[in-house]
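Colleague: Once you've had a glance at the structure underneath, I'll fire off some questions.
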Amino acid sequence: MLPLPAARTVADLRRTVAGWRREGLTVGFVPTMGALHEGHISLVRLALARADRVVASIFINPTQFGPNEDLAAYPRDEAGDAARLADAGCHLLFAPSVAEMYPPGVATVVTVSGVSEPLDGQARPGHFAGVATIVAKLLNQARPDVAVFGEKDYQQLQVIRRMAADLDLGVEILGAPTARAQDGLALSSRNAYLTDDERRRAPELAAALTEAVSNLRAGAEVAGVEARAVGRLRAAGFGPVDYVEVRDAADLSRLGPGRLLPGRSARILAAAWLGRARLIDNMAA
Ligand code: PAF
């Protein structure tokens with residue numbers, strides 16, 4: 001297997017993409033923060049199915065981490081990630097430095113109101129402004145035809161869809177289904193923080209959401225379903241539980257407390273701590 005070509009600067013990235021464009025090729029883009037797992041590789045596969053050439057970026061974006069979050073501890077393995085991307089058929093790695101992405105004097109922040117405000121917007125102040133700003137920059141730098149994001153970060157996906165539409169970025173935003181371990185746990189780079197005992201308990205998050213979805217579909221009231229899922233997580237040793245909430249699938253406005261109307265497009269989203277890992281998950285309700 002040939003090593004994956006890497007661009008470290010925006011100029012290098014643009015030069016490669018411009019070459020592909022001259023050949024009439026379409027371009028897909030998969031933004032990541034590295035520590036790649038099968039979930040990321042499924043995003044690359046989806047991009048490859050939709051575009052002739054695929055760029056994956058690895059950039060641990062400091063502006064989306066709060067002051068007490070895990071920026072310093074975030075897992076890093078660029079060589080391993082590059083090998084995995086090459087193996088998946090990715091054509092270019094874009095791995096810029098922090099100085100390349102945020103040169104001195106940078107003063108623009110992209111904020112998306114509405115959809116970015118509840119849930120993780122409350123639990124992680126400033127997080128989605130950091131995400132929207134870096135994704136707007138990456139998409140503007142690569143100018144892809146399609147960009148792929150995981151549904152595991154469902155609120156992030158909806159924030160990016162809103163931002164790309166509002167800023168006329170001219171890129172199709174694709175959501176890819178959450179990749180899961182055999183026991184149901186959503187794959188995440190942060191699962192690496194779980195101890196063996198916590199890893200055994202972690203699938204309870206997906207199990208609680210699965211049960212919640214089946215109760216909602218059977219006509220149970222939203223408020224009771226949410227409360228039962230929170231109780232189940234606490235009983236399994238999760239804590240704190242930041243939220244378990246049923247929301248509109250597109251704009252994430254609050255639904256309930258009563259039953260969901262038939263045909264209502266809803267999503268149940270959860271975030272809860274297990275030891276030092278903050279796990280998130282969501283499902284169509
Ligand atoms: O989902 C992620 O890994 C990050 O939030 C993203 C989209 C790469 C932006 O830094």
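Colleague: Given the condition without any contact (Cβ under 8 Å) to a residue 40 or more places away in the chain, within 12 Å of the ligand (Cβ to nearest atom) and either among the acidic types (Asp, Glu) or on the phi < 0 side of the Ramachandran plot (or both), answer yes or no: does some residue in the stretch 133-155 qualify?
Modeller: Within the stretch 133-155 (the criterion being without any contact (Cβ under 8 Å) to a residue 40 or more places away in the chain, within 12 Å of the ligand (Cβ to nearest atom) and either among the acidic types (Asp, Glu) or on the phi < 0 side of the Ramachandran plot (or both)), the answer is yes, since at least one residue qualifies.
Colleague: Out of all the residues in the stretch 238-260, which are within 18 Å of Ala220 (Cβ to Cβ), under 18 Å from the mean Cα position of the chain (by Cα) and open to solvent by 60 Å² or more (accessible area, probe 1.4 Å)?
Modeller: none
Colleague: Pairs please, first residue from the stretch 250-268 and at positive phi, second anywhere and β-branched (Val, Ile, Thr), Cβ atoms under 8 Å, 6+ apart in sequence or on different chains.
Modeller: Matching pairs, first to second residue: Leu252/Val115; Gly256/Val222; Gly256/Val246.
Colleague: Do we have Leu46 as modelled with pLDDT of 95 or more and within 21 Å of Ala136 (Cβ to Cβ) here? Please lay out each step first, then the result.
Modeller: Numbers: modelled with pLDDT of 95 or more: yes; within 21 Å of Ala136 (Cβ to Cβ): no.
Answer is no for this residue.
Colleague: Over 20 Å from Leu4 (Cβ atoms), open to solvent by less than 60 Å² (accessible area, probe 1.4 Å) and not charged (D, E, K, R): does that describe Leu139?
Modeller: yes
Colleague: Of (1) under 18 Å from Leu46 (Cα atoms); (2) open to solvent by 40 Å² or more (accessible area, probe 1.4 Å); (3) without any contact (Cβ under 8 Å) to a residue 24 or more places away in the chain, Asp168 satisfies all except one. Which?
Modeller: Tallying (1) under 18 Å from Leu46 (Cα atoms); (2) open to solvent by 40 Å² or more (accessible area, probe 1.4 Å); (3) without any contact (Cβ under 8 Å) to a residue 24 or more places away in the chain, Asp168 fails exactly one: (1).
Colleague: So, in the stretch 210-238, how many residues would count as being in contact with a helix residue (DSSP H, G or I) (Cβ under 8 Å, 6 or more places away or on another chain) and within 20 Å of Leu194 (Cα to Cα)?
Modeller: Residues that pass the stated criteria total 5.
Colleague: Next up: For the stretch 221-232, state whether one or more residues are open to solvent by 20 Å² or more (accessible area, probe 1.4 Å) and either in contact (Cβ under 8 Å) with a residue 60 or more places away in the chain or within 17 Å of the chain's Cα centre (by Cα) (or both).
Modeller: No: the stretch 221-232 contains no residue that is open to solvent by 20 Å² or more (accessible area, probe 1.4 Å) and either in contact (Cβ under 8 Å) with a residue 60 or more places away in the chain or within 17 Å of the chain's Cα centre (by Cα) (or both).
Colleague: Separate question: Would you please name the residue that is nearest to the chain's Cα centre (by Cα), looking only at residues in the stretch 173-201 that are open to solvent by 70 Å² or more (accessible area, probe 1.4 Å) and within 16 Å of the ligand (Cβ to nearest atom)?
Modeller: Pro177
The values are calculated or read from the model by the stated rules, or taken from the named source; none is laboratory data. Keep in mind that what you see is a predicted model, and the values were worked out from it rather than measured. Neighbour counts run over all protein chains shown; Cβ positions are idealised from the backbone, glycine included. When the accessible area is computed, the model is the full protein with side chains, heavy atoms only, and any ligands, DNA or RNA have been set aside. Shrake-Rupley method; radii C 1.70, N 1.55, O 1.52, S 1.80 Å.
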